[in-house]
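A.B. asks: Mind looking over this structure? Questions follow.
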Amino acid sequence: MLKLDNVSTFYGKIQALHNVSLEVNQGEILTLIGANGAGKTTLMMTICGDPRAQSGHIAFDGRPIQQLSTADIMRQGLAVVPEGRRIFAGMTVEENLFMGSFFRSRSEASVQLDHVLTLFPRLRERFHQRGGTMSGGEQQMLAIGRALMSQPRLLLLDEPSLGLAPIIIQQIFEIIERLRDEGVTVFLVEQNAHQALRIADRGYVLENGRIVMSGSGDALLNDDSVRKAYLGG
Amino acid sequence: MHETTLYVLQQLINGLTIGSTYALIAIGYTMVYGIIGMINFAHGEVYMIGTYTAFITIIGLLTMGVGSLPIVLLLALITAVIIASTYGYAVERVAYRPLRGGPRLIPLITAIGMSIFLQNYIRLAQGSRDLAMPVLISGGIEFGDPAVFEVSISWMQLIIWGVTLVAMTALALFISRSRLGRACRACAQDLKMTNLLGIDTNRIIALTFIIGAALAAVAGVLLGLYYGTINPYIGFMAGLKAFTAAVLGGIGSIPGAMLGGLILGVTEALTAAFFPSEYKDVVAFSLLVLILLFRPTGLLGKPEVEKV
């Protein structure tokens, strides 16, 4: 569904990604784990076209997207929940959600709104509240809900568990599995490797901007070097 | 009533009139700053172009024998808004957009260049001398004791208040209710995230330039008729004053720009009431210095917080 082929990204002169190749298949949860500064967020943002890949190819549904503008890429059927959630703090939950479906028709948006509010009943309770006044977990739900409003076929999630209480993390991961069961493909970037690998169908390990290992979630979970480096032995 | 009270009342009326037009121009500064964090110093020139467009339209219509006041006024407003918006859009497209993403100083310098360019362009095209705006609306209402002091509100002042009120209400509704207005607010809060939602933020930025230019043009028509004379340099001072108003109210905040404009106008008028009127600019810009010293975020502005 999404295919990266030898993608390299630079920040000025510093190379953040070195010839990264990976593939996300339809209907799976793919996770990318790695330490702080390994380039996980860069990889995710490169898919969105910001920053742009300096070399290599990125294809979504077989069509090259690396030349498109960010706005055009995001209209191809993928949506992102970026690092730090980035909800619109001064806008209500309702307004935040409708920003997600900006380029969808009114009727598509209202159907999708029902769906999102069923997934996250908490958002219904907070519907007219300003995003910035909510708890971290609620904001994360809002960020995911907002991304879902565009009816994406591929959802990119950047560290959805960051800074949240364990019970909330549990809920978020349950939602991610449920989304996969509904047919949304999920590309999950996580530092919380244990939990990510448990729900993932497949995973990649990123180190210093290079993919160093890949395999099924279970295989990585049981791999000695992964256990040592990311799962605390 | 006492003479001084009536006199102050008169100056309040004058101050609110000028203040409303400052507020209209200030919106353009504040909306653009709110989204891309730059001061568009060519904005005063767009206001001036609006005034010139209105002047040409009015002269043209009068020459053609169109005498109906509402029609002349309406057509002057419409053409001024259209032409000024086109300039506002073109300035952004040609001079600012190609520089986006670079260091902040660069668009600032370009903006000053654009301002000088537009001012001289109009000077060459229209001449640099003062032009007399035809008197379309005269008279007004007067009250108070003719023996002590007569307070007058001219029809022109009432029109300025009315048009400003309509324009501001329309803007407020647009920003708070409409889909594009919501996108403007989203851009102001997090430009990159808005882009990541599949929204072409360049178009939203262009839209804010167009809105700002349109409101400046409205102010240009009103002030041109109010003062009666225009020249290619009026944009400089009007722009500075409106910028001061925007900073006073809190740059980036739309209600702030409205409030800042009114406060500045009233302050100036009251200064002129009790001191030689040349001091009004001194007081206006001292206000700017004081605000920058003691409350840099302005009256209604929010401090810039690093997002975590």
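Bear in mind these aren't lab numbers, they're just calculated from the coordinates by the rules spelled out. Please read these numbers as outputs of a predicted model, since none were measured by experiment. With ideal geometry, Cβ positions are generated from the backbone for all residues, glycine too; neighbour counts draw on all protein chains shown.
A.B. asks: Pick from B:181, B:249, B:19: which residue has the top mean-square fluctuation in a GNM of chain B where Cα pairs under 10 Å get a spring?
C.D. replies: Result for chain B, Cα springs under 10 Å: B:181 fluctuates most.
A.B. asks: Here's another thing I want to ask about it. Compute the Rg to Rh ratio over the range A:97-176 from the alpha carbon atoms, using the Kirkwood formula for Rh, and round to two decimal places.
C.D. replies: That ratio equals 0.95.
A.B. asks: Separate question: Could you give log10 I(q)/I(0) at q = 0.08, 0.13, 0.17 Å⁻¹ for the range B:3-294, computed by the Debye formula over C-alpha point scatterers of equal weight, without solvent?
C.D. replies: -0.34, -0.90, -1.44
A.B. asks: For residue B:302 and residue A:128, what does the FRET efficiency come to when R0 = 22 Å and r is the distance between their Cβ atoms, rounded to the nearest 0.05?
C.D. replies: Between residue B:302 and residue A:128 the formula returns 0.55.
A.B. asks: Tell me, how many Å apart are the Cα centres for the range B:119-192 and for the range B:229-298?
C.D. replies: 15
A.B. asks: How crowded by other chains is A:146-153, given as the mean number of beta carbons from other chains within 10 Å of each beta carbon?
C.D. replies: Taking all residues of A:146-153 together, the mean is 1.
A.B. asks: Next question. Run a plain Debye calculation on chain A (Cα atoms as equal point scatterers, no solvent) and give log10 I(q)/I(0) at q = 0.08, 0.10 Å⁻¹, rounded to two decimals, same order as the q list.
C.D. replies: -0.28, -0.44
A.B. asks: Also, I was wondering about something else. Within the range B:231-271, whose backbone N sits under 13 Å from a point 7 Å along Cα→Cβ of residue B:295?
C.D. replies: B:247-251, B:256-257, B:259-261, B:263-264
A.B. asks: Take B:161, B:155 and order them by how many other Cβ atoms sit within 10 Å, fewest up front.
C.D. replies: Ranked by crowding around the Cβ, least crowded first: B:155, B:161.
A.B. asks: What does the extension gain come out to for residue B:275 and residue B:62, with contour length at 0.36 nm per residue minus their alpha carbon separation?
C.D. replies: My answer for the length gained is 72.7 nm.
A.B. asks: On to the next question. Excluding the sites themselves, what is the longest stretch of chain B that contains no trypsin sites (Lys or Arg not before Pro) in a DSSP loop with at most 16 other C-beta atoms within 10 Å?
C.D. replies: Value returned for the longest uninterrupted segment is B:130-306.
A.B. asks: Anyone know which of B:248, B:12, B:223 comes out most mobile in the 10 Å Cα GNM of chain B?
C.D. replies: Greatest mean-square fluctuation among the candidates belongs to B:12.
A.B. asks: Can you say what percent of the DSSP beta bridges in chain A, counting only those with both residues inside, are antiparallel? Round to 5. Intermediate results must be reported in sequence, preceding the final value.
C.D. replies: On the way: 21 of 40 bridges.
Percent antiparallel among DSSP bridges in chain A is about 50.
A.B. asks: Now for a separate question. Please find, in a Gaussian network model of chain B (springs between Cα atoms separated by less than 10 Å), the residue of B:18, B:141, B:59 whose mean-square fluctuation is greatest.
C.D. replies: Checking each option, the largest mean-square fluctuation is seen for B:141.
A.B. asks: Checking a compactness column here: for the range B:72-127, what do you get for Rg(Cα) / (2.2 N^0.38 Å), N being the number of residues?
C.D. replies: Compared with the compact-globule rule of thumb, the range B:72-127 sits at 1.38.
A.B. asks: Size of the dipole of the range B:3-294 about the Cα centre, Lys and Arg at +1 and Asp and Glu at -1 on the beta carbon, nothing else charged, in debye to 20? Don't skip to the answer; put the middle values down first.
C.D. replies: Numbers: 14 positive and 12 negative charges, 271 e Å.
Using only the charged Cβ atoms, the result is roughly 1300 debye.
A.B. asks: How much space per residue, in cubic angstrom, does the convex hull of the C-alpha atoms of the protein assembly as shown take up?
C.D. replies: 183
A.B. asks: Tabulate in residue order the Karplus-calculated ³J(HN,Hα) for the range B:157-168, using 6.51 cos²θ - 1.76 cosθ + 1.60 with θ = phi - 60°, rounded to whole Hz; enter x for Gly and Pro.
C.D. replies: 5, 4, 5, 4, 4, x, 5, 4, 4, 4, 5, 5
A.B. asks: Hey, what do the phi angles of the range B:75-88 turn into as Karplus ³J(HN,Hα) couplings, whole Hz, using 6.51/-1.76/1.60 and θ = phi - 60°, x for Gly and Pro?
C.D. replies: These are the phi-based 3J(HN,Hα) values: 5, 4, 4, 5, 5, 4, 5, 5, 5, 5, 4, 4, 5, x Hz.
A.B. asks: DSSP loop (so not H, G, I, E, B), at most 11 other Cβ within 10 Å: list which GluC sites (Glu not before Pro) in the range B:241-308 pass both filters.
C.D. replies: Those satisfying the criteria are B:278, B:304, B:306.
A.B. asks: Going by alpha carbons, how many degrees (0 to 90, nearest 10) lie between the helix axis of A:136-148 and the longest principal axis of chain A?
C.D. replies: Compared with the principal axis, the helix lies near 90 degrees.
A.B. asks: For a Förster distance of 30 Å, can you work out the FRET efficiency between the beta-carbons of residue A:94 and residue B:69, rounded to the nearest 0.05?
C.D. replies: Calculated transfer efficiency: 0.10.
A.B. asks: Indicate, rounded to the nearest 5 percent, the antiparallel portion of the DSSP beta bridges found entirely in the protein assembly as shown. Mind showing how you got there, number by number?
C.D. replies: On the way: 27 of 46 bridges.
In the protein assembly as shown, DSSP labels about 60 percent of beta bridges as antiparallel.
A.B. asks: Quick one: which residues, 5+ away or cross-chain, put their amide H under 5 Å from the amide H of residue A:32? H built at 1.01 Å from N.
C.D. replies: A:188, A:189, A:190, A:204
A.B. asks: Label points 7 Å out from Cα along the Cβ direction at residue A:216 and residue B:169: separation in nm?
C.D. replies: Inter-label distance under the simple model: 6.8 nm.
A.B. asks: Count the lysine pairs in the protein assembly as shown that are 8 or more places apart or on different chains: how many have C-alpha atoms under 21 angstrom apart? Please report the intermediate quantities before stating the final value.
C.D. replies: On the way: A:3/A:40; A:13/A:40; A:40/A:228; A:40/B:192; A:40/B:307; B:192/B:302; B:192/B:307; B:241/B:280.
Pairs that pass both the separation and distance tests number 8.
A.B. asks: A follow-up question, please. I want to make sure I understand the PRE zone here: with the label point 7 angstrom from the Cα of residue A:162 toward its beta carbon, which residues in the range A:60-104 have backbone N atoms less than 19 Å away?
C.D. replies: Answer for the range A:60-104: A:79-90.
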